[in-house]
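> There's a structure below that I have some questions on.
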Amino acid sequence: MQKTQSTARNRTVLVDRDEDGYFIVEVPSLPGCVSQGETREEALENIAEAIALHIEVLEERGELVPPCRK
């Protein structure tokens with residue numbers, strides 16, 4: 001598993017490959033925020049969008065947005 005920085009609010013994301021070769025990306029500071037892609041680049045693009053949408057939903061619900069972990 002590899003750590004990298006996402007462009008969406010500088011969240012740390014974890015990148016891993018599954019048995020089918022897809023890149024799975026999750027955001028430890030946003031439980032349940034997970035995405036995937038056929039390439040690493042696609043997975044990172046997808047998780048950036050997922051992060052933005054995840055945060056948007058939390059804000060719309062009036063819920064606390066967890067801080068970025070450093």
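Since every read-out is calculated from the coordinates, none of them should be taken as a lab result. These numbers were taken from a predicted model, which means no experiment stands behind them. Cβ atoms come from the backbone with ideal geometry, glycine included; neighbour counts cover every protein chain shown.
> Using Cβ contacts closer than 10 Å as the measure, can you line up 68, 33 from fewest to most?
Details: 68 15, 33 20.
By the 10 Å Cβ count, ascending, the order reads 68, 33.
> Among 65, 15, 27, what is the fewest-to-most ranking by other Cβ atoms within 10 Å? All intermediate terms of the calculation are to be shown ahead of the outcome.
Numbers: 65 14, 15 18, 27 24.
The fewest-first ordering by Cβ neighbours comes to 65, 15, 27.
> Taking 0.36 nm per residue of sequence separation and subtracting the Cα-Cα distance, how much length would be gained by fully extending the chain between residue 45 and residue 22, in nm to one decimal?
Numbers: separation 23, 0.36 × 23 = 8.28 nm, distance 1.38 nm.
Result for the pair: 6.9 nm of gain on full extension.
> Still on this structure, I have one more. With a point put 7 Å past each Cα toward its Cβ, work out how far residue 10 is from residue 34 in nm, to one decimal.
Spacing of the two 7 Å Cα→Cβ label points: 2.8 nm.
> Quick check: net charge around residue 23, other residues with Cβ under 10 Å of its Cβ, Lys/Arg +1 and Asp/Glu -1?
Working: positive: 17, 40; negative: 16, 18, 38, 41, 42.
Neighbour charge sum, excluding residue 23 itself: -3.
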